[in-house]
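The values are calculated or read from the model by the stated rules, or taken from the named source; none is laboratory data. Quantities reported herein were computed from a predicted structural model and do not represent experimental measurements. Virtual Cβ from ideal backbone geometry, glycine too; neighbours counted across all protein chains shown.
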Amino acid sequence: MHWFKRLKVKQQIAVSTVLVVLFIATVSWLSIQYVVLPNLSNEITKRGGIVAKSIARRAQQYLTADDRSNLLDMIFTEKWTQPYLAYVFISNEVDGVIAHTLLQPFPQSLLGVNLLPADQIQQTRLVKTCFGDVYDTAMAIHEESHRIGTVRVGLSKVLVDETMGRLLHILLALLALIISIGVVLTNWFSRQITRPILQLSDLTRDLISCNFQACAHLGKRVECWLTKDCNQTICPAHERGRPPCWLLDTRPPDRAEAGLFSRKLEECSRCQVYKENVGDEIEQLAAAFCHMIHRLDLYQEELKLTNEELRKLNRNYMKMLRFVSHELKTPIANSSMSAQALLQSIFGELTPPQERMVKLIYSNLSSSMEMVRNYLDLSRIETGELLFQPRRLHLASEVVAPALNHLITLIDSSRIRVEDQTDEGVILEVDKELLQVVYGNLIGNACKYGREGGVIRLQAKDQGVSCRLEVWNDGPGVAREKMGQLFQKFSRIQQSQKEAAKGTGLGLFISRKIVELHGGKIWAEGVEGEWINFVIELPKSQEGSRENESEEDLDHRR
């Protein structure tokens, strides 16, 4: 029935009406064919039996007296009084046909078409003769217990055919009348039924564009206060934002409205407008839809206000975060430099306990500095103030090498071997500082979470219009179902007690934002417990890359 579902509502109603009419016509024809026609045939055979029995009773005395003259008069009289009798003839058991009503030589073939067995008194069959289809009734003539002859009465089937023809004509006339009236009524009813539905369908197009005022002309415009005197001071039918009064008995009222509605329901039930609309389900649907749209309009306004307040709070929060991070950056950097100077014995040799304590201080200061940098980058991203200044440069010498030099202390302390397989010929149009941040985050994560004494492998492959960058390490990896969480804000997938104490959950999020700012994409591959590989795909040129930026970035930038 998929074809039926694809039709419009009016067409569905019209097709349904036609199918109902065809069903009635089919049932009527089958009733005539299998009920009326058999009953009519039975009536014809009964009539033939009555005529044959009457003739047999009177013919018995004429046959006994051998009075053929009166016998002929009797059967001819019977035929003239029964206009649909095709023939009447009487035969005996010796000489064959004794008398008949035919005005032509008697066809001997009639004798064999409906032979009456010796043990039967009466038999009727529909036979084909030279007179057409005939209901032939054979009736035995007895004298005491001996059969002395047989009466054969042929009743023409024309009577049945004419009756059936009249019934069919009547049926066709009734069907034509029903179809004509059905088409007119269907057209009228379909307009009445589908008008609000079609309006609802058109209204959805306006709702897509968030035009919540489009339902103002939907359904009936109930303005009963213009046409009748009313003593109600607060009527739900008049107040926008509440369902009409005729919906009260089909929809439980809100808790805040229950008191008002319970007081007014009795008065509304006596209102003429209420009585006219309470049973109209289509109009109730339209009114309920309008009420829903109005509620959505109110909720949208509330959401807009709430969203604006949240944006203000977020902007204030980001400004405060940026201010605090910026203020912490300088003292932490100075402290880190001082700790590094102590480790380099610039101010004298340290005792082993002192060296262990200074290393711990330096490590904590490095983690704090990384955290400050991440929060500064996050504030710039959230406020749309992250500067993007791409230029053509060599990836290996101008991005990868500086990032490795900046992390040399962390790499050495982690005892991890770095295999830099970056092709020297790879030239990209990127922001040098931002891409160094990405490499720093990925290499730093490999040092923190990778296997101590393991390997980090850096690769870059030219793919024509784009370039594929990879940062691989043989660390514990991440489960496949958790790969999607890696690049979410403040996401930390902890797999060991060592990892639980490290990271802010912002490095990969910031890396994803920077890659998307370049018009590229980043994802992770790997096998849990064996290795993980971060893959970056960047366009070699920034022409048109702005078109690939996410709407979120564009909103921040505006």
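Descriptive notes on the structure:
One line per residue, one yes/no per condition, for (1) within 20 Å of Val471 (Cα to Cα); (2) crowded, with 17+ Cβ neighbours inside 10 Å:
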residue	(1), (2)
Glu370	yes, yes
Ile381	no, yes
Glu385	no, no
Ser397	yes, no
His406	yes, no
Gly425	yes, no
Gln436	yes, yes
Gly440	yes, yes
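- Residue check for Gly112: crowded, with 16+ Cβ neighbours inside 10 Å and outside any strand (DSSP E or B): no
- Unique match (being farther than 18 Å from Val51 by Cα and not aromatic (Phe, Trp, Tyr)) among Ser145, Ser91: Ser145
- For segment 98-125, the set of residues classified as in contact with a helix residue (DSSP H, G or I) (Cβ under 9 Å, 6 or more places away or on another chain) and touching a residue at least 40 places away in the same chain (Cβ under 8 Å) consists of Ile98, Gln122, Thr124, listed by residue number.
- Which numbered condition Leu538 fails, given (1) at pLDDT 80 or above; (2) out of contact with any His (no Cβ under 7 Å at 6 or more places or on another chain): (2)
- Against the test of being buried (at least 17 other Cβ atoms within 10 Å of the Cβ) and within 30 Å of Thr137 (Cα to Cα), the options Arg68, Arg47, Arg57 yield a single qualifying residue, Arg47.
- Any hit, segment 332-344, residues being without any contact (Cβ under 8 Å) to a residue 60 or more places away in the chain, within 21 Å of Leu410 (Cβ to Cβ), surrounded by fewer than 11 Cβ atoms within 10 Å (Cβ to Cβ) and not assigned by TED's automatic domain parsing to the domain that holds Cys447: yes
- Filter result for Pro390 (in contact with a strand residue (DSSP E or B) (Cβ under 9 Å, 6 or more places away or on another chain) and in the same structural domain as Leu538 (by TED's automatic domain parsing)): yes
- Only one of Gly475, Gly464, Gly484 that is closer than 17 Å to Gly526 by Cα and in a loop (DSSP other than H, G, I, E, B): Gly475
- Qualifying residue in segment 437-455 (condition: aliphatic (A, V, I, L, M), in the same structural domain as Glu537 (by TED's automatic domain parsing), touching a Lys or Arg at 6+ places or on another chain (Cβ under 7 Å) and in contact (Cβ under 8 Å) with a residue 40 or more places away in the chain): no
- Just one residue in the set Val438, Val400 is within 23 Å of Gly453 (Cβ to Cβ) and touching a Ser or Thr at 6+ places or on another chain (Cβ under 6 Å); that residue is Val400.
- Criterion applied to Arg147, Arg152 was being among the basic types (Lys, Arg) and surrounded by fewer than 16 Cβ atoms within 10 Å (Cβ to Cβ), and the one residue passing it is Arg147.
- In segment 71-109, residue surrounded by the fewest Cβ atoms within 10 Å (Cβ to Cβ) [restricted to those that are of a type in the set (S, T, N, Q) and assigned to a loop (DSSP other than H, G, I, E, B)]: Gln104
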